[in-house]
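Colleague: Once you've had a glance at the structure underneath, I'll fire off some questions.
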Number of protein chains: 4
Amino acid sequence: MSGNTFGAIFKLTTFGESHGPGLGGVVDGCPAGIPLTAEKIQDELDRRKPGQGIASTSRKESDTVEILSGVFEGRTTGTSIGFIVRNEDHRSRDYSKIMHIYRPGHADLGYDAKYGFRDYRGGGRSSGRETVSRVAGGAVAQALLAGLGIEVTAYTRELGGIAADIQDPWGAQDRPFFAPCDDVVPLWDERVRAVKEEGDTLGGVVEILACGVPAGLGEPVFDKLDARLAYALMGVGAVKAVEIGSGVAASRSRGSLNNDAMVPGAFASNNAGGILGGISSGQDIIVRAHVKPIPSISKEQHTVSDTGQAKTIRIGGRHDISAIPRINPVLKAMVLLTLADQWLLQRRMS
Amino acid sequence: MSGNTFGAIFKLTTFGESHGPGLGGVVDGCPAGIPLTAEKIQDELDRRKPGQGIASTSRKESDTVEILSGVFEGRTTGTSIGFIVRNEDHRSRDYSKIMHIYRPGHADLGYDAKYGFRDYRGGGRSSGRETVSRVAGGAVAQALLAGLGIEVTAYTRELGGIAADIQDPWGAQDRPFFAPCDDVVPLWDERVRAVKEEGDTLGGVVEILACGVPAGLGEPVFDKLDARLAYALMGVGAVKAVEIGSGVAASRSRGSLNNDAMVPGAFASNNAGGILGGISSGQDIIVRAHVKPIPSISKEQHTVSDTGQAKTIRIGGRHDISAIPRINPVLKAMVLLTLADQWLLQRRMS
Amino acid sequence: MSGNTFGAIFKLTTFGESHGPGLGGVVDGCPAGIPLTAEKIQDELDRRKPGQGIASTSRKESDTVEILSGVFEGRTTGTSIGFIVRNEDHRSRDYSKIMHIYRPGHADLGYDAKYGFRDYRGGGRSSGRETVSRVAGGAVAQALLAGLGIEVTAYTRELGGIAADIQDPWGAQDRPFFAPCDDVVPLWDERVRAVKEEGDTLGGVVEILACGVPAGLGEPVFDKLDARLAYALMGVGAVKAVEIGSGVAASRSRGSLNNDAMVPGAFASNNAGGILGGISSGQDIIVRAHVKPIPSISKEQHTVSDTGQAKTIRIGGRHDISAIPRINPVLKAMVLLTLADQWLLQRRMS
Amino acid sequence: MSGNTFGAIFKLTTFGESHGPGLGGVVDGCPAGIPLTAEKIQDELDRRKPGQGIASTSRKESDTVEILSGVFEGRTTGTSIGFIVRNEDHRSRDYSKIMHIYRPGHADLGYDAKYGFRDYRGGGRSSGRETVSRVAGGAVAQALLAGLGIEVTAYTRELGGIAADIQDPWGAQDRPFFAPCDDVVPLWDERVRAVKEEGDTLGGVVEILACGVPAGLGEPVFDKLDARLAYALMGVGAVKAVEIGSGVAASRSRGSLNNDAMVPGAFASNNAGGILGGISSGQDIIVRAHVKPIPSISKEQHTVSDTGQAKTIRIGGRHDISAIPRINPVLKAMVLLTLADQWLLQRRMS
């Protein structure tokens, strides 16, 4: 419940802005003895790096992580793990154009209202660049969960309204757009190019799948596992809706259709998305995040200045066309962090 | 992050099961001097009472609240507010039929996995009856927010796939099904009757609208206002998806269409649902919860016993046909609790 | 960190004032399956009841606890445990004498500064009566710890400057003043009578001993086990100093004398009080709380009114001469709550 | 309640070990607009630097702090402030002598019990070196409190059993040993030299004084201001007792003597140490920490190995003779952090 800390037991606290010296965080509550190296974290960071394809910004960052504490002889010590990632490409540019103008779809107005002023350079703390620390923290969670047989993947289900078949969710991270099949890639590629030419941007849907989650995670009442997941995903910038299992479709279904019947050793379906009454059921956990189009467009928009004057704005520069696919490793990280936390919470109770 | 406490500053901690002696809670962190009476809380409780219409159970409960502390001469003292509601209709029945059988769509299996055993009487803590305490806590939040000019309403947007026009959202609480218009009521009524006859159940969509929320609420990064709202709503049993503003539709839109342009003193649209970058913008806050059909159906279902044997089950008795409309005051309460908490969090920072 | 909740995993949230309808609390985070009955809690409550001896008030309260949730068939269910204790003797009296006068040594001035007004009836929430809920919560912790072989006792080491021999710490709860030996009882009795006659009050020292605590409890850095214990004990009204092991004496000792040498399977001494570097060592845990004299005296005192006028006050009525012995079960409860919480915290890490 | 985070609103999360690449932390919850520079933090760090006098280690560290985020144009932005301090003198030495031996008075045994293994290089996370991050965080709190007229000083009241007169508490930071008068310095100097020659170590008493604290800080019940201070100070390694105001002496006093009488606009005494019923009264806040002698002595000690074998150990090297004076800025930092947190907590309630 503090803006910059996530988790109750397995906690990630982060810091860093788009244009400051660097970003980083502290992972607190990771058990001792988990194999961990900077390379493991780097692998995940490389997946969200800028310049991953035509949908992405051309900002150049190596995003090299350094672990400062909490690891000894290749294993976690049980104490807090500090890490940093330096910003390299934070060259001073001319911000006079946006310094006093609220960019539509951005947090500018809210930050001014909240803090009385704001770091106007690239959005400061509201920049998507803060997700570097989420991905690094998620990689630590992944190291913990791997030893418990829990695996998580994130893939793009829909981009610009074009849906993909979920043929190979685990191979998605090796495909462009983190696509779960090959066929959709050229379609998405074409859509992205067309929209880029128009100076516009696209939204999409990312699905996250977790396997190997034991039954019994999550807490009754407020801290249901689905509540924690919704919090985790909706806290990522650009996410405007979260679904669990059949989600939106469940609201138009009937009990007799939506209930997942059970047979010895299995369920007949998974409309619940692996969570019943807020507690994991042992089935695969399935959640979806609906991602809005990136608000920075090069088309002209009507807006106001911080003194309330009517203005128009056209946002140029090195911006992504869609938060997808760079948001995928971030959403995966949030599910990893949630599951690590819930697994440890459950462990101390049973 | 503890299962039974909600909020960081304005905190609600609850207790109580379906068939125990009573339910209740503690509101901690409510500022001193807020006018509060048991009657104000009772008004809200009366809105979620059983027996509100044909969609609802016939369980008889007066749900009378008693305040035990924290109020002196009609005002809050700033110390913790304890309240209880006695269960009246917890007559001992024969549970031998469900004692060892997992009801499809319920938390039974998860509770057994989590705790090693469970209170099989009416679901125990997993029963929707726990929401009595949420509504009572929400009424305290409402008393605080009323003094700040913040008002919240919840209305049914869709029931059994039939959508309603949002003509009168503030009058919804006086209509059957908390409908936002008159026309839809007979349609919903008919649908509910038909489904009841079939022994089946229905889902729907509830929208919650908050007016008067100042710009600047919410925290960057993990504790975005929308993340807190998603957590609050998804933590209510039966909710399977949460949308903010244009929500799901945003993922199929474009930046140029989804961005809310600004003109001096106003926004041209509200696709953001009043939240940008996780911070309130001063616009109306709009969130939607997708509610699954009640899993207790009188049709026969396939399931298993707690020793893994194949079984069939038919759930009779006094069950609701839909969580709507009784879930509406609960969802409203969760938004009230969230806003009270965020308002106090913001206050201490600025 | 919220005024009315104690603990991170095993949490106690309390409510209630001296002269309201009742007190109570919620225990959240207690594992499932712990044997628990209202009688077990009642036993502990009976130890702090008014009217326990000449040092105590003559307020008549049966302090009967009722468990409202979280226990099923004699065992905890893992969900939140709600309990209440009705105030019986909260007869309306004439408070006009103290309504606008700050009692020296009391929180009156602070409450007015904090909240803008206060419940002047018997101190409201600042009354020692709130400790009823602590003792009830501690009894739940005791039920958990008993199954783990951890036992805690509290005994009076000093009263009115007269020290006792620690001959029988575990039998203390059956002696007047919770004395750890028989000889000191008549001496304390005499001192108390003399001071009572003078209209004055006494302080003393309570020591709490915990056996069976495994090595490894506590966290490095801020949440050292001794830090948590100091917080727990100093949070009880009237406590003005807390010592761990040799405590104050350690500051005048030398490394060669204060270090506890180790031999195979044992320590040669226990100056550390069972805690090294904030982590339990497996030795007995020993902490001491220094309790100030009760501030309500019948001698005349100089003070001010809430409008800053010079006043004199003489506090009559049914007041204790010393917080000892009624504070002893409270301090024991705080140690029990701390150890239960730390034990559960450690469990999830190892 | 997490080992590495301190505070509820104004939060400090730290990381770092004695012999890793570096230490650091994150300050979360600092309001926007507070003037802050690296130099301000550096000033405080310089006060706890090694090599400050003959009582101290000769470890060479420049302890240069770098701010990585949260400050823009010389003012805090309201977002999280990340900072790091590189370890320079973490040269690899031969640890084979202590790798498997438990040093008496140290956390070695507890860490092994807790985590299954430990970073044996200089104590790892249990090293006093972690306090670098506390002092840096305290400097941020100091920047906030300075603007509110709240000032804190820490001075040595006693060293090796020799007490000092409190003549000039605010000038202490410019005297050797942070002495509150000139006369005691040669006496302490002599004592330290003598003990050093014997290969032994000394304890002492540090008093912390806070002026300008408004009435009304602190929470009733568990989070009393004195409870938070006791937690803050007892959480610093080597502290074995904490007193508030008259502290230990209060337990041997009487109500008529220990109560602080009030006259219009003032108190006649300050036995309460500025805190009544857990709430600040507007008087100076006075707390004392009793510090044990440093356990690393060059005399031979009996101990055991991690396999339970009898061993003897003699700890040579660059160790301090007393935690005083280097602990003083650390204790001051803990009080600053506590007051900043409590001030922000109170702000949102009133």
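The values are calculated or read from the model by the stated rules, or taken from the named source; none is laboratory data. What you see is a predicted model; the values in this text were computed from it and never measured. Virtual Cβ from ideal backbone geometry, glycine too; neighbours counted across all protein chains shown. Just the protein is used for accessible areas: all its heavy atoms, side chains included, with ligands, DNA and RNA removed. Shrake-Rupley method; radii C 1.70, N 1.55, O 1.52, S 1.80 Å.
Colleague: How many residues does the range D:282-336 hold that are facing chain C (nearest Cβ under 7 Å), out of contact with any Pro (no Cβ under 6 Å at 6 or more places or on another chain), part of a strand (DSSP E or B) and surrounded by fewer than 22 Cβ atoms within 10 Å (Cβ to Cβ)?
Modeller: 1
Colleague: Let me ask something else about it. Which one is farthest from A:VAL287 (Cα to Cα) among residues in the range A:178-203 that are open to solvent by less than 20 Å² (accessible area, probe 1.4 Å) and within 14 Å of chain B (Cβ to nearest Cβ)?
Modeller: Top of the filtered list is A:GLY199.
Colleague: Which one of the conditions (1) closer than 20 Å to D:ILE279 by Cα; (2) open to solvent by 10 Å² or more (accessible area, probe 1.4 Å); (3) free of Cβ contacts under 8 Å to residues at least 24 places away in the same chain does D:GLU243 fail to meet, given that it meets all the rest?
Modeller: Only one criterion in (1) closer than 20 Å to D:ILE279 by Cα; (2) open to solvent by 10 Å² or more (accessible area, probe 1.4 Å); (3) free of Cβ contacts under 8 Å to residues at least 24 places away in the same chain is unmet by D:GLU243, namely (3).
Colleague: Looking at the range C:161-169, is at least one residue within 14 Å of chain D (Cβ to nearest Cβ), crowded, with 24+ Cβ neighbours inside 10 Å and not small (Gly, Ala, Ser)?
Modeller: no
Colleague: Output the residues belonging to the range A:7-35 that are at the interface with chain B (Cβ under 8 Å from one of its Cβ atoms) and more than 21 Å from D:ILE84 (Cβ to Cβ).
Modeller: Once the filter is applied, which keeps residues that are at the interface with chain B (Cβ under 8 Å from one of its Cβ atoms) and more than 21 Å from D:ILE84 (Cβ to Cβ), the range A:7-35 yields A:GLY7, A:ALA8.
Colleague: Can you tell me which condition B:ALA340 does not meet? The list is (1) open to solvent by less than 20 Å² (accessible area, probe 1.4 Å); (2) away from chain D (no Cβ under 14 Å), and all the others hold.
Modeller: (2)
Colleague: Here is a further query. Could you run through the range A:251-267 and say how many residues are part of a strand (DSSP E or B) and either touching a residue at least 24 places away in the same chain (Cβ under 8 Å) or among the polar types (S, T, N, Q) (or both)?
Modeller: 0
Colleague: For residues that are more than 20 Å from B:ILE297 (Cα to Cα) and more than 7 Å from chain B (Cβ to nearest Cβ), tally how many sit in the range A:238-258.
Modeller: 2
Colleague: Sticking with this one: Please tell me if B:ASP89 is more than 10 Å from chain A (Cβ to nearest Cβ), part of a loop (DSSP other than H, G, I, E, B), in contact (Cβ under 8 Å) with a residue 24 or more places away in the chain and buried (at least 24 other Cβ atoms within 10 Å of the Cβ).
Modeller: The answer is no for B:ASP89.
Colleague: What pairs can you find where one residue is in the range C:2-15 and touching a residue at least 12 places away in the same chain (Cβ under 8 Å) and closer than 17 Å to C:GLN342 by Cα, the other is aromatic (Phe, Trp, Tyr) and in a strand (DSSP E or B), and their Cβ atoms are less than 6 Å apart, with a gap of 6+ or different chains?
Modeller: These pairs meet every condition: C:LEU12/C:PHE6.
Colleague: Counting only residues that are more than 22 Å from the chain's Cα centre (by Cα) and closer than 19 Å to C:THR5 by Cβ, which one in the range C:219-255 is modelled with the lowest pLDDT?
Modeller: Selected residue: C:GLU219.
Colleague: Considering the range D:253-311 alone, what residues qualify as being touching a strand residue (DSSP E or B) at 6+ places or on another chain (Cβ under 6 Å) and among the acidic types (Asp, Glu)?
Modeller: Within the range D:253-311, D:ASP260, D:ASP284, D:GLU300 qualify.
Colleague: Still on this structure, I have one more. If we scan the range A:340-350, do we find a residue that is farther than 30 Å from C:THR76 by Cα, of a type in the set (Ser, Thr, Tyr) and outside any helix (DSSP H, G or I)?
Modeller: no
Colleague: Give the residue that is farthest from A:ALA238 (Cα to Cα), with candidates limited to residues of the range B:257-281 that are β-branched (Val, Ile, Thr) and open to solvent by less than 10 Å² (accessible area, probe 1.4 Å).
Modeller: The residue in question is B:ILE279.
Colleague: Right, next: Being basic (Lys, Arg), surrounded by 20 or more Cβ atoms within 10 Å (Cβ to Cβ) and not in a helix (DSSP H, G or I) narrows it down to one residue among C:ARG118, C:ARG129, C:ARG134; which is it?
Modeller: C:ARG118
Colleague: If you take the residues of the range A:204-237 that are of a type in the set (Gly, Ala, Ser) and more than 9 Å from chain B (Cβ to nearest Cβ), which of them is surrounded by the most Cβ atoms within 10 Å (Cβ to Cβ)?
Modeller: Across the range A:204-237, the extreme among qualifying residues is A:ALA210.
Colleague: So, one more: Looking only at residues that are open to solvent by less than 10 Å² (accessible area, probe 1.4 Å) and assigned to a loop (DSSP other than H, G, I, E, B) in the range B:61-76, which one is farthest from the other protein chains (Cβ to nearest Cβ)?
Modeller: The extreme case among them is B:ASP63.
Colleague: What number goes with the only condition from (1) part of a helix (DSSP H, G or I); (2) open to solvent by 10 Å² or more (accessible area, probe 1.4 Å); (3) of a type in the set (Val, Ile, Thr) that B:ILE98 does not pass?
Modeller: Of the numbered conditions (1) part of a helix (DSSP H, G or I); (2) open to solvent by 10 Å² or more (accessible area, probe 1.4 Å); (3) of a type in the set (Val, Ile, Thr), the odd one out for B:ILE98 is (1).
Colleague: Here's something else I'd like to know. Filtering the range B:101-114 down to residues that are part of a helix (DSSP H, G or I) and more than 7 Å from every other protein chain (Cβ to nearest Cβ), which residue is most open to solvent (accessible area, probe 1.4 Å)?
Modeller: So the residue we want is B:ASP112.
Colleague: Test each condition in (1) touching a residue at least 24 places away in the same chain (Cβ under 8 Å); (2) within 13 Å of another protein chain (Cβ to nearest Cβ); (3) surrounded by fewer than 21 Cβ atoms within 10 Å (Cβ to Cβ) for B:THR153 and report the one that comes out false.
Modeller: The number of the failed condition is (2).
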